[in-house]
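The structure under discussion appears below in the form of structure tokens.
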Amino acid sequence: MTNLRAIVIPGFIVALQACSHLPAHPPEKTASPTQVSYVSFQTLDSAKPLSEAAILRVPINAPRPMPAVVIVHGSSGVDSRGISYAVALNNAGIATLEIDMWTARGIASPADRPKGVPLTLPDAFGAFKLLAANPAIDAKRIGITGFSWGGVVSMLTATKPYSEQYLGKDMKFAAHAPNYPVCWVYNRVPGYEFKEFTGAPILLQAGELDTYDLPETCPALVKSLGESASRLVTLMVYADAGHGWERTEPAMTIDDPYAHLGKGGKVLMAGNEAVATKSRAATVAFFRCSFGIGACP
């Protein structure tokens, strides 16, 4: 693990030393001073562990040990979505660790991504262990959020078999907040079993215009879990949102074999600022409630 130099300026976060593994983010306005460090950690892949880069953001004035959230990117890699959630969480007194799964694997485009999301679960659990070893972080209050591919990671890390495989029985993520995590895939494709849970709460946010699923796919998934499991899951479906609603990059259409309930096809990825604002606020409120630092609905 390597911590690199960073500077703290009230109202801004600026890293002084570049990192070859992560694209540089522009300075972002933030309501509280935040220390930003470029770090690396080992994934928990027993066959082929990777050294993976990440950006650690620690609110200076938050009480310690503080809660933290791992942020997991989508198929396009680290982009505008991660920093927007990181700043919102930092302003709420929550540290963040935004990981870069693709550079460690030499992946230059979504077409080269791994064959399945479960292959990247060692990354998320390795990030958990990095945070848990940090004295500024409360190991019992580490959550995870992600977008699309990262949303699937956020879902699967909530299952007991995967959690115990990588962390054992004494540690687990405290809360999960997946965004548009391709709901049709669970309990239909091997490796994507979503049945046995760690007991941590889950905030699932989806859009009715997302062409990976149908408008009723995510509600049907939650209903299928049964009453006891569905009590762990809070589902929010946004009427005017498609896949990638937080992106500030230009809209684009992709072709993905996982789209349209696994039949494959086109997916429009376009930002929706109003929905993005709502979803970030919901995510922050969810983690504040789960970590015991804010009111619960």
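Using a Förster radius of 51 Å, what is the FRET efficiency between D170 and H260 based on their Cβ-Cβ separation? Nearest 0.05, please. That gives a FRET efficiency of 0.80.
Based on DSSP loop calls and a cut-off of at most 15 other Cβ atoms within 10 Å, the longest stretch of the chain free of exposed trypsin sites (Lys or Arg not before Pro) is what? Spell out each step's value before the answer.
Working: sites that count: R5, K115, K169, R188, K195, R231, K263.
Longest run free of exposed loop sites: 6-114.
Overall, the chain carries a charge dipole of about 640 debye about its Cα centre when +1 sits on the Cβ of Lys and Arg and -1 on the Cβ of Asp and Glu, all other atoms neutral.
Once the Cα atoms are used to define both axes, helix 80-91 deviates from the longest principal axis of the chain by about 60 degrees.
What whole number of Å gives the distance from the Cα centroid of segment 34-68 to the Cα centroid of segment 146-175? Rounded to whole Å, the Cα centres lie 16 Å apart.
Taking neighbour Cβ counts within 10 Å as the exposure measure, how do D112, D210 sort from fewest upward? Write down the numbers at each step before the final one.
Values: D112 11, D210 26.
The fewest-first ordering by Cβ neighbours comes to D112, D210.
Only beta bridges with both residues in segment 7-290 are counted; by DSSP, about 50 percent of them are antiparallel. If the segment from T248 to K223 were pulled out straight at 0.36 nm per residue, it would be longer than the present Cα-Cα gap by 5.7 nm. Taking 7 Å steps out from each Cα toward its Cβ at A132 and R231 produces label points 2.6 nm apart.
Could you tell me which label, among (i) -0.35, -0.86, -0.97; (ii) -0.23, -0.71, -0.85; (iii) -0.34, -0.96, -1.10, carries the value of log10 I(q)/I(0) by the Debye sum over Cα atoms at q = 0.07, 0.12, 0.13 Å⁻¹ calculated for this structure? Only one option fits the structure, namely (ii).
Here r is the Cβ-Cβ distance between R188 and T211 and R0 is 22 Å; the resulting FRET efficiency, rounded to 0.05, is 0.80. For segment 222-272, what class follows from the C-alpha gyration tensor (a ≥ b ≥ c being the square roots of its eigenvalues): rounded when a/c is under 1.5, otherwise prolate if a/b is larger than b/c, else oblate? In terms of gyration-tensor shape, oblate.
Against the main long axis of the alpha-carbon atoms of the chain, helix 273-290 sits at an angle near 70°.
Sort I293, I71 so the one with the fewest other Cβ atoms within 10 Å of its own Cβ comes first. Display every interim value, and only then the final one.
Values: I293 16, I71 28.
With the sparsest Cβ surroundings first, the list reads I293, I71.
No value in this document is a laboratory result; all are computed from the given coordinates. Just so we're clear, the structure is a prediction, and the values are computed from it rather than from any experiment. FYI the Cβ positions are ideal-geometry reconstructions off the backbone, even for glycines, and counts take in every protein chain you see.
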